[in-house]
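**Student:** Would you mind keeping the following structure in view while I ask a few things?
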Amino acid sequence: MDPSETGVDAATDQDTTIVSDVATAEAATVAEKVVAEPKTKAAVAKKKAPSLTVRNPSTGKIIAELPAITPEDVPGVVAKGRAAQARWEAIGAKARAEYFKKLRTWLWDHEAEFTDTISREGGKPIEDAFYLEFVYALSALDYWAKKGPGILADKRRLAKNRLFVGNTVVERHVPHGVVGIIGPWNYPFVNSIGDAIPALIAGNSVVLKPASKTPLTSLLIARGMREVGFPDDVFQVAVGPGPVGSAMVDNVDMIMFTGSTEVGKGVAKQAVDRLIPFSLELGGKDPLVVLDDADVQKAADHALYYSLVNGGQTCMSIERIYVDTSIYDEFVERLVAGFDKVSYGDPVGGVGTVEVGSMTVGSQADIIAEQVADAVAKGAKVVRGGKKVEKADGAIYFEPTILTEVTHGMEIVDEETFGPTIQIMRVSGTEEAIRLANDNQYGLAAAVYGKDLRRAENVARRIEAGTVAINDSLVFWAELQLELGGWKQSGAGDGRHGEVGILKYTKTQGLFISRMPLKRMPQMFPYGKTSGSLKAITKLFFRLPG
Ligand code: NAD
């Protein structure tokens, strides 16, 4: 959890929108349009407005200063979304999907600006922005625009109950109204806009609160939507800290939250209090199991990449590795050999420079350092790395790290780490691997490596996680037909992707259309003399199972 999210930033003058380049300048313009009411000079002089400073975490440099909103502004933002929603719903899902096809073209044309914005606000390599966000974005836009209208279409069927022969039932999906989406900082497209796409195609308007560290991607997409002609106010970006998110839960009709388990539980309590539907995608501590027949080189290469990609700041990062004792030494040796070719630092040089960028939220490095210290005190061995690094410009890194001799009972094995660390454990056989993989509070995702696919699948089926990959790891997040959702402390409510990933943004209405000419059905009043024979006839109707 980012501690700077707990309060509104220090107030500054409303007209201090200073940005360092074209992308963020345009983003800031959108922010002003979206969240800030026009103010006269006199009003500005009287009242200081909240603002948000966005830094590139890998250099410490300010890249944008944006006007923000306060919790008091939220009802007004939601009201605008509500006013826009009815017409958006009325045009139908196919017409809404057409807007997203245009957005795809826009995004394709703006790939460099998109990946650069994500890289700079997150302090991550362009490769991470490209493969994990841009490729996802195209896949998501394609999937929802193509499949969404069909999934949302009315389902009209003949009645099945023998008493209602000839009648029709219709299941229809009605948008909730205004959906609030609250996102984290680690993947500003995937975990924010990625949820907004199905919510909008389902006919809702959306108010999106991005994490304060990474609002620029959302603002860039808002600009794209404006440029391709989306109607005003169907998609609004609410720039502001945590309390703005809390105020959204108090005002919207459905809430989609992605973030820490701690904050997510608070959001759920608030949502239950209002009886609005909610969906939570929360923390993880994903295990990777390497069975004795695994391709050791492949497993080691994958374990390295899926532990360190995006600096390990992925909910579905591999955070615990269980290797069968028969191949453990070879696995560690191969993983270390690959690790020694990995570099970390400021990704400013662009493609092909570093594999691991900075910590997006500097304070997370202190949590990781504490976890490493706790592990070492309990007997873990630091094979590589292990230290927080603070650069002169204020940028904070954590050295990519390998730990062995780790055990359950250490914080770095039991708690989410969310950084570039690799924890490797030796296990004796499949049963021990499964037991230990399941011995954790989280159940987001997992991976199993083994050449015998039937056996590996059987192991996967016994792992307590919402998604389990076999001979691969978290790539399934970009396979949109597959539902993803966290078990245990990793989530609640319907997951993302798959049919449920769009239907959750709707409420279902059933229509029962009676076409039978009967004036009186057998169950109706008066019971009287005919009651006995009607009952016997009805019984005949149901005599055989069907
Ligand atoms: P966080 O919980 O601190 O913040 C998430 C969002 O919630 C931010 O936009 C924040 O401003 C907002 N927020 C803060 N306080 C709030 C409140 N009281 N009410 C409503 N909103 C509030 O999480 P983070 O540090 O931004 O993200 C990292 C966490 O997110 C990790 O635990 C990670 O595992 C999790 N995550 C999960 C998934 C998933 O799909 N399961 C994906 C990405 C990240």
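The values are calculated or read from the model by the stated rules, or taken from the named source; none is laboratory data. Predicted, not measured: the structure shown is a model, and the values here were computed from it. Methodologically, a virtual Cβ is constructed for each residue, glycine included, from the backbone with ideal geometry; neighbour enumeration extends over all protein chains shown. Surface areas here come from the heavy atoms of the whole protein model, side chains and all, with no ligands, DNA or RNA. Shrake-Rupley method; radii C 1.70, N 1.55, O 1.52, S 1.80 Å.
**Student:** Which residue, of Gly284, Gly312, is open to solvent by less than 20 Å² (accessible area, probe 1.4 Å) and on the phi > 0 side of the Ramachandran plot? Steps first, please.
**Tutor:** Values: Gly284 fails: on the phi > 0 side of the Ramachandran plot.
One residue alone meets the criteria, Gly312.
**Student:** To continue, here is another question. Within the stretch 424-446, does at least one residue satisfy the condition of being modelled with pLDDT under 95, more than 21 Å from Gln371 (Cα to Cα), assigned to a helix (DSSP H, G or I) and open to solvent by less than 20 Å² (accessible area, probe 1.4 Å)?
**Tutor:** no
**Student:** Another question about this same structure. Here is a list: Leu141, Leu163, Leu52. Which entry is outside the structural domain of Glu355 (by TED's automatic domain parsing), in contact (Cβ under 8 Å) with a residue 24 or more places away in the chain, open to solvent by less than 40 Å² (accessible area, probe 1.4 Å) and farther than 27 Å from Glu499 by Cα? Walk me through how you get there before you give the answer.
**Tutor:** On the way: Leu141 fails: farther than 27 Å from Glu499 by Cα; Leu163 fails: open to solvent by less than 40 Å² (accessible area, probe 1.4 Å).
It is Leu52.
**Student:** Please verify whether Thr217 is among the polar types (S, T, N, Q), within 16 Å of the chain's Cα centre (by Cα) and more than 8 Å from the ligand (Cβ to nearest atom), treating the condition exactly as stated. Outline the logic, then answer.
**Tutor:** Values: among the polar types (S, T, N, Q): yes; within 16 Å of the chain's Cα centre (by Cα): yes; more than 8 Å from the ligand (Cβ to nearest atom): yes.
Spelling it out, Thr217 is indeed among the polar types (S, T, N, Q), within 16 Å of the chain's Cα centre (by Cα) and more than 8 Å from the ligand (Cβ to nearest atom).
**Student:** Further question on the same structure: Given the residues Val179, Val174, Val169, which is the only one that is touching a strand residue (DSSP E or B) at 6+ places or on another chain (Cβ under 6 Å) and buried (at least 23 other Cβ atoms within 10 Å of the Cβ)?
**Tutor:** Details: Val174 fails: buried (at least 23 other Cβ atoms within 10 Å of the Cβ); Val169 fails: buried (at least 23 other Cβ atoms within 10 Å of the Cβ).
Within the list Val179, Val174, Val169, the selection yields Val179.
**Student:** Restrict the check to the stretch 458-467 and report whether at least one residue is assigned to a strand (DSSP E or B), under 28 Å from Gly501 (Cα atoms) and either at pLDDT 95 or above or open to solvent by less than 50 Å² (accessible area, probe 1.4 Å) (or both).
**Tutor:** yes
**Student:** Kindly check whether there is at least one residue in the stretch 472-490 that is open to solvent by 60 Å² or more (accessible area, probe 1.4 Å), in a loop (DSSP other than H, G, I, E, B) and hydroxyl-bearing (Ser, Thr, Tyr).
**Tutor:** no
**Student:** What about Asp292, is it assigned to a helix (DSSP H, G or I), more than 29 Å from the chain's Cα centre (by Cα) and not aromatic (Phe, Trp, Tyr)?
**Tutor:** Here the answer is no, as Asp292 does not meet what is asked.
**Student:** How many residues does the stretch 55-76 hold that are part of a helix (DSSP H, G or I) and open to solvent by less than 10 Å² (accessible area, probe 1.4 Å)?
**Tutor:** Counting residues in the stretch 55-76 that are part of a helix (DSSP H, G or I) and open to solvent by less than 10 Å² (accessible area, probe 1.4 Å) gives 1.
**Student:** Considering only residues of the stretch 220-247 that are in contact with a Ser or Thr (Cβ under 6 Å, 6 or more places away or on another chain) and near the ligand (Cβ under 9 Å from one of its atoms), which is most open to solvent (accessible area, probe 1.4 Å)? Steps first, please.
**Tutor:** Looking only at the stretch 220-247, we keep the residues that are in contact with a Ser or Thr (Cβ under 6 Å, 6 or more places away or on another chain), and these are 220, 234, 237, 241-242.
With near the ligand (Cβ under 9 Å from one of its atoms) added as a condition, the list becomes 241-242.
Values: Pro241: 5, Gly242: 29 Å².
Of everything passing the filter in the stretch 220-247, Gly242 is most open to solvent (accessible area, probe 1.4 Å).
**Student:** In the stretch 383-399, what count of residues is obtained for those that are open to solvent by less than 60 Å² (accessible area, probe 1.4 Å) and either outside the structural domain of Glu333 (by TED's automatic domain parsing) or over 29 Å from the mean Cα position of the chain (by Cα) (or both)?
**Tutor:** So the count comes out to 2.
**Student:** From the set of residues in the stretch 248-262 that are within 10 Å of the ligand (Cβ to nearest atom) and buried (at least 22 other Cβ atoms within 10 Å of the Cβ), which is farthest from Gln85 (Cα to Cα)?
**Tutor:** Applying the first criterion (within 10 Å of the ligand (Cβ to nearest atom)) to the stretch 248-262 yields 248-250, 255, 257-262.
Among the residues that remain, those that are also buried (at least 22 other Cβ atoms within 10 Å of the Cβ) are: 248-249, 255, 257-259.
On the way: Met248: 16, Val249: 18, Ile255: 16, Phe257: 21, Thr258: 23, Gly259: 26 Å.
Only one residue tops the list, namely Gly259.
**Student:** Here is a further query. Taking the stretch 325-355, which residues are closer than 30 Å to Arg55 by Cα and part of a helix (DSSP H, G or I)?
**Tutor:** Phe339, Pro347, Val348, Gly349
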